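Engineer: Below is the structure I would like to discuss, written out as structure tokens.
The values are calculated or read from the model by the stated rules, or taken from the named source; none is laboratory data. Quick caveat: nothing in here was measured; it's all calculated off a predicted structure. Cβ placement follows ideal geometry from the backbone for every residue including glycine, while neighbour counts extend to all protein chains displayed.
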Amino acid sequence: MMKNVFDLTGKVAVVTGGTRGIGKGIALGLAVAGADIVLVQRSNDTSTQEEVKALGVRCEIVHCDLINLEEVKQVIPKAIEAMGSVDILVNNAGIQRRSPAVDFSEQDWDDVITVNLKSVWILCQQAGRHMVEKKSGKIINIASLVSFQGGLFVPAYTSAKGAVGQLTKALANEWSSQGVNVNAIVPGYIATEMNTALINDPVRSRQILERIPAGRWGNPEDFKGPALFLASEASNYVHGHLLAVDGGWLGR
């Protein structure tokens, strides 16, 4: 019988921002494949945890506000304490602040860079130490179309996501020979809470939709397959890749 390279039974996946949107879609997708899940979240909401457990796997919550770097530094140790190991890390959580560059506040800049880049670096570093030691692991960062393009009115977000793309490549260069895969997913325009303002803007929403070859905005379900691929043995020879899940946007 051929081995199922997508089977994650016995693996532990840590997912930040896994209670809604893309992160929730990924967490549920990995759980369906058999992975036990650690949800990293600010809130006390247990609804996603209950959905994951209903799939027959373990699910623990680690509370953390990613803007608090001292809390961030405790995530991986707490996950290992709760589950015994960490095999997969998905750095999904992020924040957005929109403003013309001339008016963009220093506080907004610092907040976005801290959550979207520095916390990602800390989690990668801590998970990486654990994974390199055991010669096995998968890290999936969530980048963005603005890892390649400039965006509008999002200078901090663009800077952070551009850096996440380069960080992914840098870590892959170091850790690929140690059995650790570091890759990123690049979402296109996805119908999530972060994009509510764009969705509700009839002009901008129409312009975006007209440019997407697939003819629709993406949704969290679209990330289950790509995340499973990068988290599983199927991607063992994939390193430092930024996988676009964008309905064809970047190819147009």
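Engineer: Could you please give the count of residues in region 8-43 that are more than 21 Å from residue 192 (Cβ to Cβ) and either loosely packed, with under 14 Cβ neighbours inside 10 Å or under 12 Å from the mean Cα position of the chain (by Cα) (or both)?
Structural biologist: Total satisfying the criteria: 2.
Engineer: Can you name every one of the strands (runs of 3 or more DSSP E) wholly within region 1-115 that holds 1 or more residues which are farther than 18 Å from residue 126 by Cα?
Structural biologist: Those strands (runs of 3 or more DSSP E) span 36-41, 59-63.
Engineer: Scan region 138-154 for residues that are without any contact (Cβ under 8 Å) to a residue 60 or more places away in the chain, surrounded by 24 or more Cβ atoms within 10 Å (Cβ to Cβ) and not polar (S, T, N, Q) and jot them down.
Structural biologist: 139
So that you can scan it fast, the table gives a plain yes or no per residue for (1) crowded, with 19+ Cβ neighbours inside 10 Å; (2) at pLDDT 95 or above; (3) over 12 Å from the mean Cα position of the chain (by Cα):
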{"residue": "161", "(1), (2), (3)": "yes, yes, no"}
{"residue": "179", "(1), (2), (3)": "no, yes, yes"}
{"residue": "184", "(1), (2), (3)": "yes, yes, no"}
{"residue": "199", "(1), (2), (3)": "no, no, yes"}
{"residue": "221", "(1), (2), (3)": "no, yes, yes"}
{"residue": "229", "(1), (2), (3)": "no, yes, yes"}
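Engineer: Which members of region 186-197 meet the condition of being loosely packed, with under 13 Cβ neighbours inside 10 Å and under 16 Å from the mean Cα position of the chain (by Cα)?
Structural biologist: 193
Conditions (1) farther than 18 Å from residue 148 by Cα; (2) part of a loop (DSSP other than H, G, I, E, B), marked per residue:
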site: 168; (1), (2): no, no
site: 172; (1), (2): yes, no
site: 175; (1), (2): yes, no
site: 238; (1), (2): yes, yes
site: 250; (1), (2): no, no
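Engineer: Which condition does residue 123 not pass, out of (1) buried (at least 19 other Cβ atoms within 10 Å of the Cβ); (2) of a type outside the set (Gly, Ala, Ser); (3) without any contact (Cβ under 8 Å) to a residue 24 or more places away in the chain, if it passes all the others?
Structural biologist: (3)
Engineer: Looking at (1) under 30 Å from residue 206 (Cα atoms); (2) of a type in the set (Val, Ile, Thr); (3) in contact (Cβ under 8 Å) with a residue 60 or more places away in the chain, can you tell me which one residue 88 breaks?
Structural biologist: (1)
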